[in-house]
């Protein structure tokens, strides 16, 4: 399974933007980059995913490097409810790939009031 | 649709007992996944189903673990002869094979404590 590398923890202040980095130097051409987050005592929650182009949705933006070896999840204005563990995951979609999500330890985001 | 439902939310059992967890996925989703999560770690994949077929099992799924998805709807995960090391959060998720989103929807999990 292709691996990702994320910082163990990050801190942000409320209402400020947050940039969560992820390195995935062994990504293959058919791997999608997925982000999930997990709030305390809950199951993970889908945030966003992309392949090559930058993506935006109501929760966040995903910026993907041109060589696809890294990506950044952007929360435009952090709120206290954004405090969670954020997981960057490569999802294989090549024929014969299992398509399962393989989670690492993620980045624990703390948002200060 | 209220999302992915898991029951029970909490289970305390004595070592050596059998336990069974249930997962009700989102009704239109044809894939169902089981994960296990221990404190401070990300979820670990256990197994997944496409409709009623179990397509992949992790090496983590020892012979004491069995999962079923009869009729391709709800799923059960049974652990026989529980051990203290089985204490964890057991998460279920569902998804489409294809569709507008490739995202998984997770349930809130069943927390198992083996004493």
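Select from region B:6-30 the residues that are assigned to a strand (DSSP E or B), surrounded by fewer than 19 Cβ atoms within 10 Å (Cβ to Cβ) and within 13 Å of another protein chain (Cβ to nearest Cβ) and list them in ascending order.
Hit for region B:6-30 is B:10, nothing else.
Among the numbered conditions (1) touching a strand residue (DSSP E or B) at 6+ places or on another chain (Cβ under 7 Å); (2) more than 14 Å from chain A (Cβ to nearest Cβ); (3) not in a loop (DSSP other than H, G, I, E, B), tell me where residue B:90 comes up short.
Of (1) touching a strand residue (DSSP E or B) at 6+ places or on another chain (Cβ under 7 Å); (2) more than 14 Å from chain A (Cβ to nearest Cβ); (3) not in a loop (DSSP other than H, G, I, E, B), only one is false for residue B:90: (2).
For region A:17-33, enumerate the residues that are part of a loop (DSSP other than H, G, I, E, B) and more than 16 Å from residue A:84 (Cα to Cα).
Listed by number, the residues that qualify are A:24, A:25, A:26, A:27, A:28, A:29, A:30, A:31.
Against the condition more than 13 Å from every other protein chain (Cβ to nearest Cβ), in contact with a strand residue (DSSP E or B) (Cβ under 8 Å, 6 or more places away or on another chain), in a loop (DSSP other than H, G, I, E, B) and surrounded by 12 or more Cβ atoms within 10 Å (Cβ to Cβ), how does residue A:78 come out, does it pass?
Yes.
Among the residues in region A:34-50, are any modelled with pLDDT of 90 or more, in a loop (DSSP other than H, G, I, E, B) and farther than 25 Å from residue B:47 by Cα?
no
Criterion first (within 14 Å of chain A (Cβ to nearest Cβ), part of a loop (DSSP other than H, G, I, E, B) and surrounded by 16 or more Cβ atoms within 10 Å (Cβ to Cβ)) does residue B:103 satisfy it? Steps first, answer last, please.
Working: within 14 Å of chain A (Cβ to nearest Cβ): yes; part of a loop (DSSP other than H, G, I, E, B): yes; surrounded by 16 or more Cβ atoms within 10 Å (Cβ to Cβ): yes.
Taking the combined requirement at face value, the residue satisfies it.
For residue A:103, which of the numbered conditions (1) within 11 Å of chain B (Cβ to nearest Cβ); (2) at pLDDT 95 or above fails to hold?
Answer for residue A:103: the failing condition is (2).
Residue B:82 passes all but one of (1) farther than 23 Å from residue A:40 by Cβ; (2) buried (at least 18 other Cβ atoms within 10 Å of the Cβ); (3) out of contact with any helix residue (DSSP H, G or I) (no Cβ under 9 Å at 6 or more places or on another chain); (4) within 12 Å of another protein chain (Cβ to nearest Cβ); which number fails?
Unmet condition: (4).
So, residue A:90, is that one within 14 Å of the chain's Cα centre (by Cα) and either away from chain B (no Cβ under 13 Å) or part of a loop (DSSP other than H, G, I, E, B) (or both) or not? Lay out the reasoning, then the answer.
On the way: within 14 Å of the chain's Cα centre (by Cα): yes; either away from chain B (no Cβ under 13 Å) or part of a loop (DSSP other than H, G, I, E, B) (or both): no.
In short, no.
If I ask for residues that are surrounded by fewer than 21 Cβ atoms within 10 Å (Cβ to Cβ), part of a loop (DSSP other than H, G, I, E, B) and out of contact with any helix residue (DSSP H, G or I) (no Cβ under 7 Å at 6 or more places or on another chain), which ones from region A:1-16 would you list?
Scanning region A:1-16 gives A:1, A:2, A:3, A:7, A:8, A:15, A:16.
Out of curiosity, is residue A:53 at positive phi and surrounded by fewer than 13 Cβ atoms within 10 Å (Cβ to Cβ)?
Judged against the criteria, residue A:53 is not a match.
Just checking, how many residues over region B:33-76 are under 20 Å from residue A:84 (Cβ atoms), touching a strand residue (DSSP E or B) at 6+ places or on another chain (Cβ under 8 Å) and surrounded by fewer than 18 Cβ atoms within 10 Å (Cβ to Cβ)?
Matching residues across region B:33-76 total 2.
If I ask for residues that are out of contact with any helix residue (DSSP H, G or I) (no Cβ under 9 Å at 6 or more places or on another chain), more than 10 Å from every other protein chain (Cβ to nearest Cβ) and under 28 Å from residue B:108 (Cβ atoms), which ones from region A:36-54 would you list?
Result: A:40, A:50.
The values are calculated or read from the model by the stated rules, or taken from the named source; none is laboratory data. The structure presented is a predicted model; accordingly, all values stated were derived computationally and were not measured. Counting neighbours? That spans all protein chains shown, and the Cβs are built from the backbone with ideal geometry, glycine included.
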